[in-house]
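Each value in this text was obtained by applying a stated rule to the coordinates, not by laboratory testing. Just so we're clear, the structure is a prediction, and the values are computed from it rather than from any experiment. Cβ coordinates were reconstructed from backbone atoms using ideal geometry, including for glycine residues, and neighbour counts include every protein chain displayed.
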Amino acid sequence: MDKIVSSITKKPVVLVATHVHPDHTGPSINSFPDIYINPGDADSVPMFMSNYKGVVKYLKDREIIDLGNRQLEVVYTPGHTKGSTTFIDKNAGYGFSGDSFGTGLLLLTVDFSTFIASCKKICSLMGGKKIKYLYPGHYNEDNMETINKIKDMLALSQNVLSGNIKGNDNPDNTFGLKLAVEGNGYRIIYNESAIK
Ligand SMILES: [Zn+2]
């Protein structure tokens with residue numbers, strides 16, 4: 001990754017991660033002396049980033065990372081993990097959502113109320129700042145997340161929380177998450193304890 005980055009810019013690089021999972025951090029982070037993450041994921045660092053030799057630093061909610069000709073806003077969006085983060089480039093009209101939004105499959109590791117709050121927060125931001133898309137971490141060229149899709153996820157989550165929709169068994173038991181709900185092309189995997 002350091003070779004790709006140095007082919008793009010000779011300027012100093014700040015490494016930020018949307019969350020700590022190894023498919024979003026991984027060995028290539030060792031090419032960088034420090035990494036910024038959401039403090040909500042700090043207690044998962046020993047599990048997922050134990051081989052990192054650099055310094056772990058922390059992002060602040062709603063802070064602006066100023067790249068000179070571009071500004072990225074840091075938006076905490078807990079749901080997939082406690083410290084999941086979305087980055088918004090207001091002027092470009094898009095953002096980067098990691099696994100928070102846009103994968104079509106949400107592995108929910110916090111409770112639904114927290115995720116619902118994240119959906120509302122990002123919807124009001126996207127609407128107000130006219131953000132058209134969020135590019136997810138698992139991008140496949142046609143799965144950009146839109147505000148309407150997030151509103152669908154929000155409605156689905158509210159229905160689970162209120163008991164209107166009951167989950168089915170998740171046969172894959174992904175990450176130990178035992179239940180699944182589907183709607184509007186989405187699937188949310190979660191545990192009973194998330195219904196609060
Ligand atoms: Zn993840």
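Worth a mention:
- The Kirkwood hydrodynamic radius of the chain, based on inverse pair distances between different Cα atoms, is 17.4 Å.
- Flagged links, alpha-carbon separation over 23 Å, of Lys151/Lys196; Lys166/Lys196; Lys57/Lys151; Lys60/Lys151; Lys11/Lys82; Lys57/Lys129: Lys57/Lys151; Lys60/Lys151; Lys11/Lys82; Lys57/Lys129
- Kirkwood radius for region 135-174, taken over all pairs of different Cα atoms as the inverse mean of 1/r, rounds to 12.3 Å.
- Qualifying aspartates and glutamates (Cα of each under 13 Å from Cα of Lys53; at least 8 residues distant if same chain): Asp34
- Each 10 Å bin, from zero up to the one with the longest distance, holds this percent of the alpha carbon pairs of region 103-175: 17, 46, 32, 5.
- Here the contact order of the chain, divided by its residue count and restricted to Cα pairs under 8 Å and six or more residues apart, works out to 15 percent.
- Long-range amide H partners of Ile165 with built H, under 5 Å: Val160
- Net charge contributed by nearby residues that have their C-beta within less than 11 Å of Arg62 (K/R +1, D/E -1): -1
- Mean-square fluctuations from a GNM of the chain, with a 10 angstrom spring cutoff on Cα atoms, peak among Asp142, Asp61, Asp89 at Asp142.
- Across every direction, the projection of the convex hull enclosing the Cα atoms of region 1-112 has a mean area of 7.5 nm².
- For Val16, distant residues with modelled amide H under 5 Å away: Tyr36
- All aspartates and glutamates inside 14 Å of Lys121 as judged from Cα atoms, apart from same-chain residues fewer than 8 positions distant: Asp61, Glu73
- Residue (of Asn173, Thr9, Asn159) at the positive-pole extreme of the chain, dipole from beta-carbon charges: Thr9
- Cβ-based net charge around Lys130, under 13 Å, with every Lys or Arg adding one and every Asp or Glu removing one: +2
- Helix axis angle, 112-128 relative to the chain longest principal axis, alpha carbon, degrees: 60 degrees
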